Amino acid sequence: MNILVIGSGGREHALAWKLAQSPKAQKVFVAPGNGGTARDPRLTNVALTDVKALADFAQAEKVVLTVVGPEAPLAAGVVDEFRARGLRIFGPTQKAAQLESSKAFAKDFMKRHGIPTAFYETFTDAADAHAYVDKHGAPIVIKADGLAAGKGVVVAMTLAEAHEAIDFMLLDNKLGVQHNAGGARVVIEEFLAGEEASFIVLADGKNVSVLATSQDHKRLLDADAGPNTGGMGAYSPAPVVTPNVYAKAMQEIIQPTLAGMAKDGIPFTGFLYAGLMIDAQGNPKTLEFNCRMGDPETQPIMMRLKSDLIDVFLHATDGTLDQIELQWDRRFALGVVMAAGGYPLDPKKGDIITGLPADADDAMVFHAGTTMDDAGVVRTSGGRVLCVTALGDSAKLAQQRAYEYMRGIDFDGMQFRSDIGWRAIKAR
């Protein structure tokens, strides 16, 4: 059968790579794809991003299943368009995707349905926001209300940082985030202490299938220093998600969210990603919801998945997720992101990438910000360029294999952390 994956990042490369392994896969299209998907003979890039053009393509090519990777097409209503044409697609509707596309919608939803999260207030007026921060002090968290490609959250450890973030998001609107044509808006919430984890499930409106747990590294530099990024690496499983934490996350967050969305008349289908903050007592609170898989968490998760991913998505779009049980490789998977010079604020583009290794049974380079020209030369085209991912019998061995596998890769100004997985290694 013909499959379409929408998106161009590392997450989409990993999903397409896994889908192409299914004996059911005839052609796997990636729209628009990247340099990595261009290099894979089993994948075909399609230079489309427009919602209607994607649906036209799916009809013309007799695409049986479409999987949406990133948040922007979901917020633009790609699922609604495909469903209106009777096309099978996995993802949430435009209304349901507000759980991610609007921080304010998500916070109000959690408050209404009693889902544990941080205390918060929403502001459009900068003076009011500054006064709130002065009253509550630091550390405090400032979030742009809207899609900001992982860059719309500032964890301000000082009042000066908080005030600067408010001006950046509200007065200057440097992120260009608009919500419902109402201009810029921020959510300011209490700082939660603890350890973060990514808890991702597939939802079919009523049933869920839980993906392997994972954890990513948000800060640019070793020892979790430097600015927040979209993620500098990730690993799976996450030792911090103990059986107790898992049970609480399901009972207090995932199931009430799906029940609440159904009650509100917006049944949720697609990937539901709860970013958890787990305190010292093992109690999880919801930092945020995403309506898609995480990037770079997808890469280690796909390395570990043994089930046929096409079968999984067919069940998910048929409403029969309760009939399958996902199979996982027992090994640990770890991915290291190689980012462009100048990332996260001003990433360099157009640099030639050399030394890409051949695919291995236990290691894979997933591309994110890359393009391949007509001569077959791969170049950088975004902030996070590659995610070098490997399997190992322990966190330490997976870490060693990933760094060994990436040793020959080179491009001008490349940045990467040398300590991805340190929490998991310490936990073991």
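For region 299-319, filtered to residues that are part of a loop (DSSP other than H, G, I, E, B) and touching a strand residue (DSSP E or B) at 6+ places or on another chain (Cβ under 7 Å), the residue that is least open to solvent (accessible area, probe 1.4 Å) is Gly319. On the basis of being free of Cβ contacts under 8 Å to residues at least 60 places away in the same chain, assigned to a helix (DSSP H, G or I) and surrounded by fewer than 21 Cβ atoms within 10 Å (Cβ to Cβ), does Ala249 make the cut? Judged against the criteria, Ala249 is not a match.
Listed by position, the helices (runs of 4 or more DSSP H) inside region 3-75 whose residues that are aliphatic (A, V, I, L, M), at pLDDT 95 or above and open to solvent by 50 Å² or more (accessible area, probe 1.4 Å) number at least 1 are 51-60. With the requirement that a residue be touching a residue at least 60 places away in the same chain (Cβ under 8 Å), outside any helix (DSSP H, G or I) and open to solvent by 40 Å² or more (accessible area, probe 1.4 Å), what does region 82-130 give you? Residues satisfying the conditions are Arg88, Lys95, His113, Gly114, Phe119, Glu121, Thr122, Thr124. Per the conditions (1) part of a loop (DSSP other than H, G, I, E, B); (2) at pLDDT 95 or above; (3) more than 16 Å from Leu202 (Cα to Cα); (4) more than 20 Å from the chain's Cα centre (by Cα), the sole criterion not satisfied by Pro296 is (4).
Taking region 193-240 and the strands (runs of 3 or more DSSP E) fully enclosed by it, the elements with 1 or more residues that are hydroxyl-bearing (Ser, Thr, Tyr) and surrounded by fewer than 23 Cβ atoms within 10 Å (Cβ to Cβ) are at 208-210.
Filtering region 409-428 down to residues that are of a type in the set (Gly, Ala, Ser) and open to solvent by 50 Å² or more (accessible area, probe 1.4 Å), which residue is modelled with the highest pLDDT? Here the residue is Ser418. Picking from residues in region 358-383 that are more than 21 Å from the chain's Cα centre (by Cα) and in a strand (DSSP E or B), the one that is surrounded by the most Cβ atoms within 10 Å (Cβ to Cβ) is Val378.
Scanning region 1-30 for residues that are closer than 18 Å to Gly294 by Cα and either touching a Phe, Trp or Tyr at 6+ places or on another chain (Cβ under 9 Å) or not β-branched (Val, Ile, Thr) (or both) yields a total of 14.
For region 322-341, filtered to residues that are open to solvent by less than 20 Å² (accessible area, probe 1.4 Å) and out of contact with any helix residue (DSSP H, G or I) (no Cβ under 9 Å at 6 or more places or on another chain), the residue that is nearest to Tyr235 (Cα to Cα) is Met338. Within region 406-428, restricting attention to residues that are touching a Gly at 6+ places or on another chain (Cβ under 7 Å) and of a type in the set (Asp, Glu), which residue is farthest from Asp216 (Cα to Cα)? Only one residue fits best here, namely Asp412. The residues on offer are Ala259, Ala225, Ala193, and the sole one that is without any contact (Cβ under 8 Å) to a residue 12 or more places away in the chain, over 23 Å from Arg11 (Cβ atoms) and over 17 Å from the mean Cα position of the chain (by Cα) is Ala225.
The values are calculated or read from the model by the stated rules, or taken from the named source; none is laboratory data. Computed from a predicted model, the values in this text were never measured in an experiment. No Cβ is skipped: glycine too gets one built from the backbone with ideal geometry, and neighbour counts run over all protein chains shown. Side chains included, ligands, DNA and RNA excluded: accessible areas come from the protein's heavy atoms. Shrake-Rupley method; radii C 1.70, N 1.55, O 1.52, S 1.80 Å.
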